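Have a look at the structure below before the remarks.
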Amino acid sequence: MITKKTNLILCELALLLFAIGNAAAQTKANSENLATSATHAFRGTGVFQGQGRACFGKLYIRQKSIEWHTSFSACERSAYSVIDKDLTGTKPHMAFLLHKTNPKCHFRVIGISFDPAYPDYWNAVGYVTRADFEQHQPDALDEQGKILSCSVQPD
């Protein structure tokens, strides 16, 4: 026999389960919206803030120039050519070949990419040469000191 108290407890339990399910659905929706907004926020230009010892600084991507300052490299404003671009795929990316580099700039190519599995930031990578970029072997290049890979957030 269900008592009034048991019935009240069952109603409270049902409301609690409903609230938990609703919160889980909202969290999933928020996560998907964040990934979508971060994915579509970059249209080929923007300002990104780097964090950490080697990556602290800013990356500026403008319509006709690019500039990247980190703790260990200072690439002053330079014109560029786009050598790789896919901003509509599931993992948008773009790569820039710098036309001129100053002595404190260690990179000839700068790439930026987004992985929706990590929706809070983009990845900026500096390559010493275009050939290094074309190898697409970041782990091997990192061991040789030929790239700098940094998590960056839109500023």
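Given the criteria in contact (Cβ under 8 Å) with a residue 12 or more places away in the chain, open to solvent by less than 50 Å² (accessible area, probe 1.4 Å) and not small (Gly, Ala, Ser), does Thr45 qualify? Before the answer, list the steps.
Numbers: in contact (Cβ under 8 Å) with a residue 12 or more places away in the chain: yes; open to solvent by less than 50 Å² (accessible area, probe 1.4 Å): no; not small (Gly, Ala, Ser): yes.
The answer is no for Thr45.
Among the residues of region 90-100, are any within 18 Å of the chain's Cα centre (by Cα) and farther than 18 Å from Ile61 by Cβ?
Filtering region 90-100 for residues within 18 Å of the chain's Cα centre (by Cα) gives 90-96.
Okay, now just the ones that are also farther than 18 Å from Ile61 by Cβ, so 90.
Yes: region 90-100 contains one or more residues that are within 18 Å of the chain's Cα centre (by Cα) and farther than 18 Å from Ile61 by Cβ.
Taking the condition open to solvent by 70 Å² or more (accessible area, probe 1.4 Å), under 18 Å from Pro154 (Cβ atoms), of a type in the set (Asp, Glu) and out of contact with any Pro (no Cβ under 6 Å at 6 or more places or on another chain), does Asp120 pass? Outline the logic, then answer.
On the way: open to solvent by 70 Å² or more (accessible area, probe 1.4 Å): yes; under 18 Å from Pro154 (Cβ atoms): yes; of a type in the set (Asp, Glu): yes; out of contact with any Pro (no Cβ under 6 Å at 6 or more places or on another chain): yes.
Yes; evaluated as a whole, the condition is true for this residue.
Within region 118-141, which residues are free of Cβ contacts under 8 Å to residues at least 40 places away in the same chain and either among the β-branched types (Val, Ile, Thr) or assigned to a helix (DSSP H, G or I) (or both)?
Residues satisfying the conditions are Val125, Val128, Thr129, Ala131, Asp132, Glu134, Gln135, Pro138, Asp139, Ala140, Leu141.
Looking only at region 57-76, which residues are under 15 Å from the mean Cα position of the chain (by Cα) and surrounded by fewer than 16 Cβ atoms within 10 Å (Cβ to Cβ)?
Result: Lys58, single match.
Could you figure out which of (1) surrounded by fewer than 20 Cβ atoms within 10 Å (Cβ to Cβ); (2) on the phi < 0 side of the Ramachandran plot; (3) within 17 Å of the chain's Cα centre (by Cα) isn't true of Phe114?
(1)
Suppose we filter Asp86, Asp132 for residues that are open to solvent by less than 80 Å² (accessible area, probe 1.4 Å) and in contact with a helix residue (DSSP H, G or I) (Cβ under 9 Å, 6 or more places away or on another chain); which single one remains?
Asp132
The values are calculated or read from the model by the stated rules, or taken from the named source; none is laboratory data. Keep in mind that what you see is a predicted model, and the values were worked out from it rather than measured. As a convention, Cβ positions derive from the backbone with ideal geometry for all residues, glycine included, and neighbour counts pool all protein chains shown. The accessibility values were calculated without ligands, DNA or RNA, using every heavy atom of the protein model including side chains. Shrake-Rupley method; radii C 1.70, N 1.55, O 1.52, S 1.80 Å.
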